[in-house]
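Asks: Just passing along the structure, written as structure tokens.
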Amino acid sequence: MYEISVEKHFDAAHYLRGYKGKCENLHGHRYSIVVKCSVEKLNDIGLAYDFTDLKAHLDKILERYDHTCLNDVKPFDKINPSAENIATTIYNELKKKLGDGVKLVSVAAWETPQQGVEFRPG
């Protein structure tokens with residue numbers, strides 16, 4: 001089994017509806033998104049999965065969040081743009097883009113270098 005990871009960043013503002021604290025106010029983060037995939041065997045040229053392809057899929061998802069107020073962007077116009085919901089949303093979108101034989105293991109969303117959340121389906 002091979003597990004590969006890529007990390008990408010985007011900058012965005014958000015606020016947490018109903019939080020009852022300072023995070024209910026508009027503020028921003030440089031989000032770090034870490035994606036982990038696994039595959040059973042290498043392809044013909046010895047790769048588990050092409051990093052370039054994985055980063056391109058992730059870039060396509062993240063580009064609509066970059067330099068926005070997440071609360072204005074679907075699905076966060078309806079659900080809170082918490083790190084948990086960001087990780088889950090990215091996971092669900094990215095899973096659709098991966099080919100056969102590639103398992104999406106997890107997506108982590110870090111708001112700061114000291115705090116983040118990793119979504120792994122149960």
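The values are calculated or read from the model by the stated rules, or taken from the named source; none is laboratory data. From a predicted model like this one, the values you see are computed outputs, not experimental measurements. Cβ atoms come from the backbone with ideal geometry, glycine included; neighbour counts cover every protein chain shown.
Asks: Determine if the range 78-89 includes at least one residue that is part of a strand (DSSP E or B) and under 19 Å from Gln114 (Cβ atoms).
Replies: no
Residues checked against (1) within 29 Å of Asn25 (Cα to Cα); (2) not hydrophobic (A, V, I, L, M, F, W, C):
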| site | (1), (2) |
| --- | --- |
| Asn43 | no, yes |
| Tyr49 | no, yes |
| Thr52 | no, yes |
| Asp66 | yes, yes |
| Leu70 | yes, no |
| Ala87 | yes, no |
| Gly101 | no, yes |
| Pro113 | yes, yes |
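Asks: Assess whether Leu42 counts as being surrounded by 12 or more Cβ atoms within 10 Å (Cβ to Cβ), of a type outside the set (Ser, Thr, Tyr) and either at negative phi or touching a residue at least 12 places away in the same chain (Cβ under 8 Å) (or both).
Replies: No.
Asks: Do we have any residue at all in the range 79-95 that's among the basic types (Lys, Arg), touching a Leu at 6+ places or on another chain (Cβ under 8 Å) and under 17 Å from Glu3 (Cα atoms)?
Replies: yes
Asks: Let me ask you something else. Give the range 14-65 a look and list any residue that's aliphatic (A, V, I, L, M), within 15 Å of the chain's Cα centre (by Cα) and not in a strand (DSSP E or B), or say none. Break it down into steps so the answer makes sense when it comes.
Replies: As a first pass, look at the range 14-65 and keep what is aliphatic (A, V, I, L, M): 16, 26, 33-35, 39, 42, 45, 47-48, 54, 56, 58, 61-62.
So of that shortlist, the ones also within 15 Å of the chain's Cα centre (by Cα) come out as 33-35, 54, 56, 58, 61-62.
If the condition is that a residue be aliphatic (A, V, I, L, M), within 15 Å of the chain's Cα centre (by Cα) and not in a strand (DSSP E or B), then Leu54, Ala56, Leu58, Ile61, Leu62 are the ones that fit.
Asks: From the list Asp72, Asp53, which one is free of Cβ contacts under 8 Å to residues at least 24 places away in the same chain and closer than 15 Å to Lys95 by Cα? Lay out the reasoning, then the answer.
Replies: On the way: Asp72 fails: closer than 15 Å to Lys95 by Cα.
Result of the check over Asp72, Asp53: Asp53.
Asks: For the subset of the range 53-107 comprising residues that are of a type in the set (Gly, Ala, Ser) and at pLDDT below 95, which member is surrounded by the most Cβ atoms within 10 Å (Cβ to Cβ)?
Replies: Gly101
Asks: Suppose we filter Ile79, Ile61 for residues that are in contact with an Asp or Glu (Cβ under 7 Å, 6 or more places away or on another chain) and among the β-branched types (Val, Ile, Thr); which single one remains?
Replies: None of the others qualify; the one that does is Ile61.
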